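The structure appears below as C-alpha coordinates.
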Amino acid sequence: MVMKYLEFEVHRFLHPSAPELFLQVSFLVLRSVTMATVDINEGSQQKVDGIELRPSCSERQDCPVQFKDSELRQRLSELEYHVTQEKGTERAFSGKFWKSKDEGLYSCIVCSHPLFYSSSKFLSGCGWPSFSEVISKAAVTYTKDTSFDMERTEVTCSQCGAHLGHLFDDGPTANKKRYCINSASLSFVPEDKLTDEQRRIAATANVNIPDKSKTRQEL
(Lines give C-alpha, C1' and ligand atoms only; values in the text may rest on other atoms or scores of the structure.)
Protein backbone atom coordinates (compact mmCIF):
# COMPACT_ATOMS: atom_id res chain seq x y z
CA MET A 1 0.00 0.00 0.00
CA VAL A 2 2.82 2.43 0.85
CA MET A 3 4.68 1.55 -2.35
CA LYS A 4 1.57 2.11 -4.49
CA TYR A 5 0.98 5.48 -2.87
CA LEU A 6 4.56 6.65 -3.42
CA GLU A 7 4.52 5.39 -6.98
CA PHE A 8 1.36 7.43 -7.58
CA GLU A 9 2.87 10.54 -6.01
CA VAL A 10 6.10 10.33 -8.01
CA HIS A 11 4.29 9.88 -11.31
CA ARG A 12 1.84 12.64 -10.43
CA PHE A 13 4.72 15.08 -10.15
CA LEU A 14 6.68 13.57 -13.03
CA HIS A 15 8.09 16.46 -15.03
CA PRO A 16 7.75 15.98 -18.82
CA SER A 17 11.11 17.68 -19.51
CA ALA A 18 13.15 15.18 -17.49
CA PRO A 19 11.28 11.85 -17.34
CA GLU A 20 14.39 9.68 -16.93
CA LEU A 21 15.57 11.59 -13.85
CA PHE A 22 12.22 11.34 -12.15
CA LEU A 23 11.91 7.66 -12.99
CA GLN A 24 15.30 7.06 -11.37
CA VAL A 25 14.17 8.95 -8.28
CA SER A 26 10.96 6.91 -8.27
CA PHE A 27 12.90 3.66 -8.40
CA LEU A 28 15.27 4.68 -5.59
CA VAL A 29 12.45 5.85 -3.32
CA LEU A 30 10.40 2.72 -3.87
CA ARG A 31 13.41 0.48 -3.27
CA SER A 32 14.20 2.30 -0.01
CA VAL A 33 10.64 1.91 1.22
CA THR A 34 10.66 -1.77 0.30
CA MET A 35 13.89 -2.41 2.19
CA ALA A 36 12.67 -0.45 5.21
CA THR A 37 9.42 -2.40 5.27
CA VAL A 38 11.30 -5.70 5.14
CA ASP A 39 13.63 -4.58 7.92
CA ILE A 40 10.71 -3.55 10.14
CA ASN A 41 8.75 -6.73 9.56
CA GLU A 42 11.74 -9.02 10.03
CA GLY A 43 13.44 -7.09 12.80
CA SER A 44 10.54 -6.11 15.01
CA GLN A 45 8.07 -8.98 14.86
CA GLN A 46 8.73 -12.68 14.52
CA LYS A 47 6.99 -15.74 15.86
CA VAL A 48 8.76 -18.71 17.40
CA ASP A 49 6.67 -21.58 18.73
CA GLY A 50 3.63 -19.32 18.70
CA ILE A 51 5.34 -16.56 20.71
CA GLU A 52 5.63 -13.14 19.11
CA LEU A 53 9.16 -11.75 19.30
CA ARG A 54 9.62 -7.99 19.22
CA PRO A 55 11.96 -5.38 20.69
CA SER A 56 11.28 -4.45 24.31
CA CYS A 57 9.42 -1.22 24.96
CA SER A 58 12.65 0.31 26.26
CA GLU A 59 14.31 -0.45 22.93
CA ARG A 60 11.28 0.96 21.10
CA GLN A 61 11.28 3.92 23.52
CA ASP A 62 7.54 3.68 24.05
CA CYS A 63 7.19 2.17 27.53
CA PRO A 64 3.88 3.03 29.24
CA VAL A 65 5.80 3.53 32.50
CA GLN A 66 9.08 5.44 32.45
CA PHE A 67 11.55 6.55 35.10
CA LYS A 68 14.56 8.83 35.15
CA ASP A 69 17.85 6.97 35.31
CA SER A 70 18.89 8.98 38.36
CA GLU A 71 15.75 7.83 40.20
CA LEU A 72 16.37 4.17 39.37
CA ARG A 73 19.99 4.36 40.50
CA GLN A 74 18.86 5.78 43.81
CA ARG A 75 15.89 3.46 44.34
CA LEU A 76 17.32 0.14 43.13
CA SER A 77 20.26 -1.76 44.57
CA GLU A 78 23.38 -2.05 42.44
CA LEU A 79 22.45 -5.60 41.45
CA GLU A 80 18.80 -4.75 40.73
CA TYR A 81 19.89 -1.91 38.48
CA HIS A 82 22.48 -4.06 36.71
CA VAL A 83 19.97 -6.84 36.03
CA THR A 84 16.95 -4.77 35.01
CA GLN A 85 18.63 -1.87 33.20
CA GLU A 86 21.83 -3.42 31.86
CA LYS A 87 20.53 -6.93 31.08
CA GLY A 88 22.73 -8.45 33.75
CA THR A 89 22.39 -11.85 35.44
CA GLU A 90 22.65 -12.60 39.13
CA ARG A 91 24.80 -15.51 40.27
CA ALA A 92 23.01 -18.87 40.23
CA PHE A 93 21.64 -19.98 43.63
CA SER A 94 22.26 -16.50 45.06
CA GLY A 95 18.86 -14.85 44.59
CA LYS A 96 16.36 -14.63 47.45
CA PHE A 97 13.50 -16.22 45.49
CA TRP A 98 15.17 -19.10 43.65
CA LYS A 99 13.88 -21.78 46.05
CA SER A 100 11.09 -19.86 47.77
CA LYS A 101 7.80 -21.75 48.19
CA ASP A 102 5.86 -18.85 49.67
CA GLU A 103 2.46 -18.19 48.13
CA GLY A 104 1.83 -14.78 46.62
CA LEU A 105 2.37 -12.44 43.71
CA TYR A 106 5.66 -11.69 41.96
CA SER A 107 5.88 -8.28 40.31
CA CYS A 108 8.46 -6.17 38.47
CA ILE A 109 10.92 -4.63 40.94
CA VAL A 110 11.06 -1.47 38.83
CA CYS A 111 7.39 -0.61 38.19
CA SER A 112 5.42 -3.14 40.34
CA HIS A 113 3.65 -4.58 37.29
CA PRO A 114 2.26 -8.08 38.14
CA LEU A 115 4.20 -10.84 36.39
CA PHE A 116 3.87 -14.28 38.00
CA TYR A 117 1.85 -16.00 40.69
CA SER A 118 3.43 -18.53 43.01
CA SER A 119 1.16 -21.32 41.74
CA SER A 120 3.17 -21.36 38.50
CA LYS A 121 6.56 -21.45 40.28
CA PHE A 122 8.60 -24.65 40.43
CA LEU A 123 12.07 -25.71 41.53
CA SER A 124 14.00 -26.41 38.34
CA GLY A 125 17.44 -26.79 39.89
CA CYS A 126 18.93 -24.13 37.61
CA GLY A 127 19.59 -21.72 40.46
CA TRP A 128 17.09 -19.03 39.42
CA PRO A 129 13.36 -18.67 40.10
CA SER A 130 11.45 -20.69 37.48
CA PHE A 131 7.84 -20.26 36.41
CA SER A 132 5.69 -22.18 33.96
CA GLU A 133 3.45 -19.27 32.99
CA VAL A 134 3.05 -15.51 33.25
CA ILE A 135 0.06 -14.05 35.04
CA SER A 136 -1.27 -12.66 31.74
CA LYS A 137 -0.18 -12.71 28.11
CA ALA A 138 0.35 -8.95 28.15
CA ALA A 139 2.56 -9.02 31.25
CA VAL A 140 5.85 -9.45 29.38
CA THR A 141 7.51 -8.88 26.02
CA TYR A 142 9.60 -11.51 24.24
CA THR A 143 12.70 -10.53 22.29
CA LYS A 144 15.25 -12.53 20.31
CA ASP A 145 18.57 -12.50 22.17
CA THR A 146 21.76 -13.54 20.36
CA SER A 147 24.27 -12.37 22.98
CA PHE A 148 27.17 -14.60 24.05
CA ASP A 149 26.94 -16.53 20.76
CA MET A 150 23.65 -18.09 21.86
CA GLU A 151 20.10 -17.75 20.58
CA ARG A 152 17.63 -17.26 23.43
CA THR A 153 14.32 -15.55 24.11
CA GLU A 154 14.68 -12.58 26.42
CA VAL A 155 11.77 -11.71 28.74
CA THR A 156 11.17 -8.09 29.71
CA CYS A 157 8.45 -6.23 31.59
CA SER A 158 5.88 -4.97 29.10
CA GLN A 159 5.29 -1.78 31.09
CA CYS A 160 8.77 -0.44 31.85
CA GLY A 161 11.06 -2.63 29.72
CA ALA A 162 13.03 -4.03 32.65
CA HIS A 163 15.08 -7.12 31.83
CA LEU A 164 13.70 -10.10 33.75
CA GLY A 165 15.43 -13.18 32.36
CA HIS A 166 14.84 -15.71 29.58
CA LEU A 167 12.25 -18.21 28.39
CA PHE A 168 13.20 -21.82 27.63
CA ASP A 169 11.22 -24.76 26.28
CA ASP A 170 12.28 -27.41 28.79
CA GLY A 171 9.67 -26.88 31.50
CA PRO A 172 7.87 -29.73 33.31
CA THR A 173 4.30 -28.68 32.47
CA ALA A 174 2.29 -29.37 29.32
CA ASN A 175 3.27 -26.05 27.73
CA LYS A 176 7.00 -26.91 28.19
CA LYS A 177 7.73 -23.31 29.23
CA ARG A 178 10.37 -22.39 31.79
CA TYR A 179 10.64 -18.72 32.61
CA CYS A 180 14.11 -18.41 34.11
CA ILE A 181 13.89 -15.12 36.00
CA ASN A 182 16.36 -13.15 38.12
CA SER A 183 15.33 -12.66 41.75
CA ALA A 184 16.80 -9.16 41.48
CA SER A 185 14.13 -8.23 38.92
CA LEU A 186 11.24 -9.28 41.18
CA SER A 187 9.33 -7.99 44.17
CA PHE A 188 7.00 -10.23 46.16
CA VAL A 189 3.72 -9.71 47.98
CA PRO A 190 2.59 -12.58 50.24
CA GLU A 191 -0.85 -14.00 49.64
CA ASP A 192 -2.31 -12.63 52.88
CA LYS A 193 -1.17 -9.10 52.05
CA LEU A 194 -2.52 -8.83 48.51
CA THR A 195 -4.58 -5.75 47.75
CA ASP A 196 -8.04 -6.01 46.22
CA GLU A 197 -6.57 -4.96 42.87
CA GLN A 198 -3.87 -7.61 43.02
CA ARG A 199 -6.49 -10.22 43.87
CA ARG A 200 -8.59 -9.07 40.95
CA ILE A 201 -5.62 -9.48 38.63
CA ALA A 202 -4.94 -12.95 40.00
CA ALA A 203 -8.60 -13.90 39.57
CA THR A 204 -8.57 -12.65 35.97
CA ALA A 205 -5.58 -14.88 35.33
CA ASN A 206 -7.51 -17.87 36.67
CA VAL A 207 -5.12 -18.20 39.60
CA ASN A 208 -6.70 -19.94 42.56
CA ILE A 209 -6.07 -18.01 45.76
CA PRO A 210 -7.97 -18.21 49.05
CA ASP A 211 -10.70 -15.71 49.84
CA LYS A 212 -9.08 -13.18 52.17
CA SER A 213 -12.39 -12.77 54.01
CA LYS A 214 -11.96 -16.30 55.37
CA THR A 215 -9.48 -17.37 57.99
CA ARG A 216 -6.94 -20.12 57.37
CA GLN A 217 -8.88 -22.37 59.75
CA GLU A 218 -11.98 -22.02 57.58
CA LEU A 219 -9.94 -22.87 54.50
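Sort through 95, 125 and tell me the only one that's out of contact with any strand residue (DSSP E or B) (no Cβ under 8 Å at 6 or more places or on another chain), surrounded by fewer than 13 Cβ atoms within 10 Å (Cβ to Cβ) and within 27 Å of residue 174 (Cβ to Cβ). If you could, list the steps in order and put the result at the bottom.
Details: 95 fails: surrounded by fewer than 13 Cβ atoms within 10 Å (Cβ to Cβ).
One residue alone meets the criteria, 125.
Kindly evaluate residue 169 against the criterion of being loosely packed, with under 15 Cβ neighbours inside 10 Å and in contact (Cβ under 8 Å) with a residue 12 or more places away in the chain.
Yes.
Can you tell me how many residues within the stretch 98-117 are open to solvent by 40 Å² or more (accessible area, probe 1.4 Å) and either touching an Asp or Glu at 6+ places or on another chain (Cβ under 6 Å) or of a type in the set (A, V, I, L, M, F, W, C) (or both)?
Result for the stretch 98-117: 2.
Of 174, 162, 138, which residue is under 21 Å from residue 113 (Cα atoms), surrounded by fewer than 16 Cβ atoms within 10 Å (Cβ to Cβ) and among the hydrophobic types (A, V, I, L, M, F, W, C)? Break it down into steps so the answer makes sense when it comes.
Numbers: 174 fails: under 21 Å from residue 113 (Cα atoms); 162 fails: surrounded by fewer than 16 Cβ atoms within 10 Å (Cβ to Cβ).
When all the criteria are applied, what remains is 138.
Does the stretch 118-128 contain any residue that is at pLDDT 95 or above and within 11 Å of the chain's Cα centre (by Cα)?
Among the residues of the stretch 118-128, not one is at pLDDT 95 or above and within 11 Å of the chain's Cα centre (by Cα), which makes the answer no.
Taking strands (runs of 3 or more DSSP E) that fall entirely within the stretch 142-190, which contain at least 1 residues that are within 22 Å of residue 64 (Cα to Cα) and of a type in the set (Ser, Thr, Tyr)?
Values: elements: 152-157, 163-168, 178-181, 186-190.
Ranges flagged: 152-157, 186-190.
The values are calculated or read from the model by the stated rules, or taken from the named source; none is laboratory data. None of these values were measured; they are calculated from a predicted model. In this analysis, Cβ positions are derived from the backbone assuming ideal geometry, glycine residues included, and neighbour counts consider all displayed protein chains. We work out accessible area using only protein heavy atoms, side chains counted, and drop any ligands, DNA or RNA first. Shrake-Rupley method; radii C 1.70, N 1.55, O 1.52, S 1.80 Å.
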